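Below you'll find the structure, written out as structure tokens, and then a few comments.
All of the numbers you see were taken from the coordinates with simple rules; none came from a lab. What you see is a predicted model, and the numbers here were worked out from it, not measured in a lab. In this analysis, Cβ positions are derived from the backbone assuming ideal geometry, glycine residues included, and neighbour counts consider all displayed protein chains.
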Amino acid sequence: MSDDTILYVELKTGFDNNGPAWIGRGRFSRTGGTLYFLGRVLKKAQSAAGNFLDAASGEAYWVSGVKQNEQNRLFGNQPVAVDAAVLVGYLQFIGRKTLPKAHYRVVEVLPTSTAYNHLQENQTL
């Protein structure tokens, strides 16, 4: 497994370009083909809507690194949820002391269990 990375993740399925979005820690598999984020297992894919698909639901997500200019969400106007665990590091990265409340909300996110998800993905049927 690779190290945790601060990522921008936006749900595309059913929301067009205005779906829920998060900034938080994700962990990529060694090959980079699987991302563990928000308790989900996302598989790298090239779909019309996103670049990762939820392995369980098939929902499309857009995943990218966070941008220093805060232009993570290209369209839409919903606030982006920022994991409280990455808040200090994210604020330092973007050069702010606080987040604008109109664009962000701070949330508590439980860490994703990569070990559990790995077992689920590789169980014998």
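Here are the numbers:
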read-out	value
Options ALA102, LEU53, THR5, ranked by Cα towards positive dipole end of the chain, top entry (Cβ charges)	ALA102
Exposure proxy order (Cβ contacts within 10 Å, fewest to most) of LYS43, LYS12, LYS67, LYS97	LYS97, LYS67, LYS43, LYS12
Rg in Å to one decimal, and Dmax rounded to a whole Å, for segment 4-111 via C-alpha atoms	13.3, 38
Sites GLN46 and PHE75 - FRET efficiency at Förster radius 22 Å, r taken between beta-carbons, to 0.05	0.65
Inter-label distance for GLN92 and ASN18, nm, one decimal - labels placed 7 Å from Cα along Cα-to-Cβ	3.7 nm
